[in-house]
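Quick notes on the structure that follows.
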Amino acid sequence: MDYLQQFVYGIYPYLAGTIFLLGSLVRFEREQYTWKSDSSQLLKRGNLRLGSILFHLGILGLFFGHLVGLLTPVAVWDTLGVTHSFKQGFAMTMGGIFGTSCLIGLLILLHRRLTEPRIAAQTKFADKLVMFWILATLLLGLSTIPVSAGHMDGHMMVLLMTWAQHIVTFQGGAAQIIEQAPLIFKLHLFMGMSVFAIFPFTRLVHIWSGLASVTYVTRAWQLVRTR
């Protein structure tokens, strides 16, 4: 169990990160024609807009919320006068809101993809894998809210922050920090890290293009001349 703990929470984060970065680069270099979102809008619109808006709003809120919440040093929050209990309560509230939005949107998109014959025929295994993986990760994350409500002192939140900051700064002993964390938190962490590992092999790669689209702001105007 000690080896498994060390591997999953001390080594696996770097394996997942390496696959995420190198896999995305290799796919972009070798398979650019597969680098797309594979939107099903042309097959049938229906409730695509509602599901897509709720899902993307929720998952973006969750991603940046985790990014800021986990990677901002505890000293910064202490300097700003934000108590651990207040930060935990705020994180639980916003996580619940964005998580519910993401869940509803994802269920709409899943139902649409699995029940519409034309869309189901175009659905690949990787599409189902990533959607159900995100669903499981999301349900685990929402399940941590009642557990967190049982200890509002912020202790577990600080442990998770310390673990994440040890990982991104390449410090040793990260796995031992969350050794006594409840299983629900550990499962959520594992599933979340695995999303990055499967990222290059799915349609999620279109996220890179979304981030790169900001460069259009600095591009010159396109001139269109009529004959």
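The values are calculated or read from the model by the stated rules, or taken from the named source; none is laboratory data. Just so you know, these numbers come straight off a predicted model, no measurement behind them. Neighbour counts are summed over all protein chains in view; Cβ atoms, including those assigned to glycine, are modelled from backbone coordinates with ideal geometry. The accessibility values were calculated without ligands, DNA or RNA, using every heavy atom of the protein model including side chains. Shrake-Rupley method; radii C 1.70, N 1.55, O 1.52, S 1.80 Å.
In the chain, carbon and sulfur make up what percent of the accessible area (probe 1.4 Å)? Walk me through the numbers before you get to the answer.
Numbers: 10030 of 14370 Å².
Of the solvent-accessible surface of the chain, carbon and sulfur hold 70 percent.
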In whole Å, what are the extents of the stretch 44-133 along the principal axes defined by its C-alpha atoms, from largest to smallest? 55, 22, 15
Quotient of Cα Rg and 2.2 N^0.38 Å for the stretch 78-131, N being how many residues it contains: 1.82
The stretch 86-173, convex hull of Cα, quarter of hull surface, nm² -> 7.6 nm²
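Could you sort the peptides 79-88, 4-13, 188-197 by per-residue average Cβ neighbour count (10 Å cutoff), highest mean leading? Numbers along the way, then the final one.
Values: 79-88: 13.6, 4-13: 16.1, 188-197: 18.6.
For the peptides 79-88, 4-13, 188-197, the packing ranking is 188-197, 4-13, 79-88.
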What is the magnitude of the charge dipole of the chain about its Cα centre, with +1 placed on the Cβ of each Lys and Arg, -1 on the Cβ of each Asp and Glu, and no other charges, expressed in debye to the nearest 20? 1380 debye
Cα atoms only: what Rg and Dmax, in Å, come out for the chain? 19.9, 73
To the nearest 10 degrees, how steep is helix 125-149 against the longest Cα principal axis of the chain, on a 0 to 90 scale? 30 degrees
Please list, in order along the stretch 16-22, the HN-Hα scalar couplings obtained from phi with the Karplus expression 6.51 cos²θ - 1.76 cosθ + 1.60 (θ = phi - 60°), rounded to whole Hz, x for Gly and Pro. 4, x, 5, 4, 4, 7, 5
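I'd like to check one number: the per residue accessible area of the chain, probe 1.4 Å, reported in Å² as a whole number.
Numbers: 14370 Å² over 227 residues.
Spelled out: the 1.4 Å probe surface of the chain, per residue, equals 63 Å².
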Point-charge dipole on Cβ atoms (K/R +1, D/E -1) for the stretch 69-145, about Cα centre, debye to 20: 320 debye
